[in-house]
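Quick notes on the structure that follows.
The values are calculated or read from the model by the stated rules, or taken from the named source; none is laboratory data. If you're wondering where the values come from, they're calculated on a predicted model, not measured in any experiment. Methodologically, a virtual Cβ is constructed for each residue, glycine included, from the backbone with ideal geometry; neighbour enumeration extends over all protein chains shown.
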Amino acid sequence: MHRWRLPELTGMMRLCHIKAFAFNIRRRKFKQPQLRRALDFAFDFERINKDIFYGQYKRIASYFEGTELASSGLPRGRELKSRWERQRC
């Protein structure tokens, strides 16, 4: 496990605000992945952004957008292994 010291993090942290919907998967009605996926397909971000928010939002590809921690491309190598498999190495 990495232990980060504050000076190491300050260079990569930028303030940004994320607005999102999240499902409380501890509730019985949201436990089924098929239901969550169907709701995701039913939510039309582009249309809502255009018609309600007048295009002021853009989709992000990572929670850490704009930092060196942002995801990019497809996962490779160790990223494809489960956490359990990585801990055994």
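What the table shows:
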| item | result |
| --- | --- |
| From the options 59, 83, 14, residue that is under 17 Å from the mean Cα position of the chain (by Cα), modelled with pLDDT under 80, exposed (fewer than 10 other Cβ atoms within 10 Å of the Cβ) and not aliphatic (A, V, I, L, M) | 14 |
| Output for region 62-75, where each listed residue is surrounded by 10 or more Cβ atoms within 10 Å (Cβ to Cβ) and among the hydroxyl-bearing types (Ser, Thr, Tyr) | 62, 63, 67, 71 |
| In region 32-49, residue farthest from residue 63 (Cα to Cα) [restricted to those that are of a type in the set (Lys, Arg) and exposed (fewer than 12 other Cβ atoms within 10 Å of the Cβ)] | 47 |
| Residue count for region 32-61, restricted to those that are farther than 19 Å from residue 18 by Cβ and among the small types (Gly, Ala, Ser) | 2 |
